Amino acid sequence: MAAAINLVKSLNPKKIYVNFIIELTALNGRNLLPSDVEVTSLIKY
């Protein structure tokens with residue numbers, strides 16, 4: 001997802017939103033994403 005965010009940032013959007021169906025919180029993947037990206041998850045394990 002970090003690579004996809006970098007690709008989208010090259011298009012200079014106003015805001016980037018990332019949506020996940022399932023987030024595995026034990027992997028701490030959210031910490032690898034930039035802080036200006038809004039992340040939404042439906043289910044968190």
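No lab work stands behind these numbers, since they all come straight from the coordinates. On a predicted model such as this, the values are computed, not experimentally measured, just so you know. Using ideal geometry, Cβ is built from the backbone for each residue, glycine included, and neighbour counts are taken over all protein chains shown.
Tabulated data
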item: Residue in the range 3-31 that is nearest to the chain's Cα centre (by Cα), counting only those that are among the basic types (Lys, Arg) and surrounded by fewer than 10 Cβ atoms within 10 Å (Cβ to Cβ); result: Lys15
item: Of all residues making up the range 19-45, the number that are out of contact with any helix residue (DSSP H, G or I) (no Cβ under 7 Å at 6 or more places or on another chain) and either β-branched (Val, Ile, Thr) or in contact (Cβ under 8 Å) with a residue 40 or more places away in the chain (or both); result: 5
